[in-house]
Structures are given as C-alpha cells and as structure tokens.
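The values are calculated or read from the model by the stated rules, or taken from the named source; none is laboratory data. Everything numeric in this text was worked out from a predicted model, so none of it was measured. A quick note on method: Cβ atoms are made from the backbone with ideal geometry, for glycine too, and the neighbour counts reach across all protein chains shown. Note: accessible area is taken over every heavy atom of the protein model, side chains too, but ligands, DNA and RNA are not part of it. Shrake-Rupley method; radii C 1.70, N 1.55, O 1.52, S 1.80 Å.
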Amino acid sequence: MWDYTDKVKEHFLHPKNAGAIENADAVGEVGSLACGDALKLYLKVDENERIVEASFETFGCASAIASSSALTELIKGKTLEEAKTLSNKDIADFLGGLPRQKMHCSVMGREALDAAINNYRGIETPKQELEGDVLCHCFGVTEEKIRQAIMENDLTTVEDITSYTKAGGGCGECLDDIAELLEKVRVEMKQNGPVEEKKRASLSNVQRMQRGMKVLEDEIRPSLKQDGGDIKLVDIEGKKVLVALRGACVNCPASSATLKGFVETKLRELVEPDILVEEVRS
C-alpha cells in the first residue's frame, strides 16, 4: 500500500475540476490506456492568454487523479507563459509529495500542460516516435524523455528512472540500455556544473513557497516555541520571505538576531542560499 499524504487523498477522493470543458480553447492529451495512464487536459483562455478554467479527464491510479486535480488548481489564473514554468516537482510539492514510484503521474501532468499550450498556439506536439529512439518498448518511452527526466529531477539510479517514466518497468530488456544512458547523461551533467547548485538556483515560486512553509513548520516554529515564541508566515514575494513574530519573540531584544541568525540562516540552508527574511509588524 502506498503511503499517500492527506492532500493526495483529498485530491483523489474529491478531485477538483474533473470533467471536460465544452468548447475548450485548448486540449492536451498524453499517455495511453495501453500504458495504464492517460490524461486529457482542457483549458479556457481569455484574450490576455490567461487560463480562466482548467479541467481534466484521466484514467489511472490515485496519484494520476490527484496530480491532474492539483495541476488544474495550480494553473488557473496564470498566463500561458507563467503556466509553462510549472514543473512536475511543483505538482508533487503541492500535494505534499508523491511516492517515488508514482512520480511519473506528475510528469504526465506537466506533459499534458505542454501539449495543451501547443494546441492553443497551433503547434503540433511531436509524436513520441519523432522525439527520439524508443528505449522502452513496453511503455513506449523514448531516449529523449528519459534524458529529460534525469536532468530535470537529478535522477541517479535506474530505479529512479522507472519511477519517473515507467521505462524498464515491463519486461526489463531495456534496463542495461537505461543504465548506459544514465551514466552518459550524468557525465554530461557533471561537465556542465554541479547538479545541486543548478537545482537550487532554478526553484519555481511554487517550490520555494512549499519548501519555505515546510521548513517554517517543521524546523523553525518548534524551536521558537520552546522559548515561548512563535512566527507566522505572512507572504513570500520571490525570494523575500515576510514573517510576523509572535509570543515572546515580539518584545525580545534579540529578535533581529533571531530573524537573521536563525530564521534566515535555516531557510537559506534548507530552501535557497539567497533568501531574505523581513519582519512585518502588525
């Protein structure tokens, strides 16, 4: 049994925006019933290319349904250009995480979004056969798709690749080829610079907010509460985190040192190295 977060369960049992949109401005369809998962994403877009409605139809597991539901919630109100920056990690983070073996469901959501935006702009989404040589014939996964998954998610094992793309999850004949490709891509990534620095430098706003909230709740607030203090997240504006001190921290003469020496340092360590923390006084 998969260990699903409460948010995954919520979006699976009570999915948001399920069903087709009549006269949709854009439709993106990915996956296939033969592979076990399929997703059809519908968009309504206004004259400023802002997504005013988003809905989905999906065939798949709980993670596929939850990821599709989360995707529609994340993109509503965004322009197409803003939506394009959404990654599969953003979808998983929004849900509080997915089992590693189910990360391919969030990847499918990102691919459906790309296909829908292409459809709106009159761009034909390339057929999988044209994107590169098929490496996994059981699930029709191309070399290019595997390469992209490795680079975007910093994958390090063949098992990771199977979790994110399904490649190698069938007969297993392609596992040696996947391992060879993985080694090749990892060498290329190492030559192009440290993976961790690139990953942390490219956090999206959604990722930054999700990670920041988690660090505040799990690491920072418990420490402050031990001394009678507390902290409230007010907003996150880019890399600026706005907070309000509570409890004993409000009148503490060392509050400035707490904000910079503890709160900001912890966020820089666990979220991004150039985050700034500012206090908002009510």
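Quick check: anything in the range 69-77 assigned to a helix (DSSP H, G or I) and among the basic types (Lys, Arg)?
Checking the range 69-77: not a single residue is assigned to a helix (DSSP H, G or I) and among the basic types (Lys, Arg).
Just the residues that are open to solvent by 50 Å² or more (accessible area, probe 1.4 Å) and under 22 Å from the mean Cα position of the chain (by Cα), please, taken from the range 225-282.
Residues satisfying the conditions are 233, 235, 237, 239, 240, 268, 269, 270, 273, 274.
Taking the range 163-180 as the region of interest, how many residues are in a helix (DSSP H, G or I), free of Cβ contacts under 8 Å to residues at least 40 places away in the same chain and either in contact with an Asp or Glu (Cβ under 9 Å, 6 or more places away or on another chain) or not charged (D, E, K, R) (or both)?
Going through the range 163-180 one residue at a time, the tally reaches 2.
So is residue 221 open to solvent by less than 60 Å² (accessible area, probe 1.4 Å), of a type in the set (Lys, Arg) and modelled with pLDDT under 85 or not?
no
Scan the range 80-99 and tell me whether some residue there is in contact with a Phe, Trp or Tyr (Cβ under 6 Å, 6 or more places away or on another chain) and either over 24 Å from residue 209 (Cβ atoms) or open to solvent by 10 Å² or more (accessible area, probe 1.4 Å) (or both).
Scanning the range 80-99, I find at least one residue that is in contact with a Phe, Trp or Tyr (Cβ under 6 Å, 6 or more places away or on another chain) and either over 24 Å from residue 209 (Cβ atoms) or open to solvent by 10 Å² or more (accessible area, probe 1.4 Å) (or both), so the answer is yes.
Kindly indicate which of 44, 7, 16, 40 is part of a strand (DSSP E or B), open to solvent by 20 Å² or more (accessible area, probe 1.4 Å), among the basic types (Lys, Arg) and in contact (Cβ under 8 Å) with a residue 24 or more places away in the chain.
Exactly one residue qualifies, and that residue is 40.
Could you please give the count of residues in the range 130-155 that are in a loop (DSSP other than H, G, I, E, B) and at pLDDT 80 or above?
2
Where in the range 78-129 are the helices (runs of 4 or more DSSP H), entirely inside, with at least 1 residues that are touching a residue at least 60 places away in the same chain (Cβ under 8 Å) and out of contact with any helix residue (DSSP H, G or I) (no Cβ under 8 Å at 6 or more places or on another chain)?
Qualifying helices (runs of 4 or more DSSP H): 103-120.
Being at pLDDT 85 or above, under 23 Å from the mean Cα position of the chain (by Cα) and among the hydroxyl-bearing types (Ser, Thr, Tyr) is the requirement here; does residue 125 meet it?
no
Could you list, ordered by first residue, the pairs with Cβ atoms under 9 Å in which the first is in the range 252-266 and part of a loop (DSSP other than H, G, I, E, B) and the second is surrounded by fewer than 16 Cβ atoms within 10 Å (Cβ to Cβ), at least 6 apart or interchain?
Every condition considered, the pairs that remain are 252/227; 254/261.
Could you please give the count of residues in the range 57-77 that are open to solvent by less than 60 Å² (accessible area, probe 1.4 Å), more than 23 Å from residue 141 (Cα to Cα) and of a type outside the set (A, V, I, L, M)?
Qualifying residue count, the range 57-77: 3.
Identify all residues within the range 147-179 that are surrounded by fewer than 16 Cβ atoms within 10 Å (Cβ to Cβ) and in contact with a strand residue (DSSP E or B) (Cβ under 8 Å, 6 or more places away or on another chain); write none if there are none.
170
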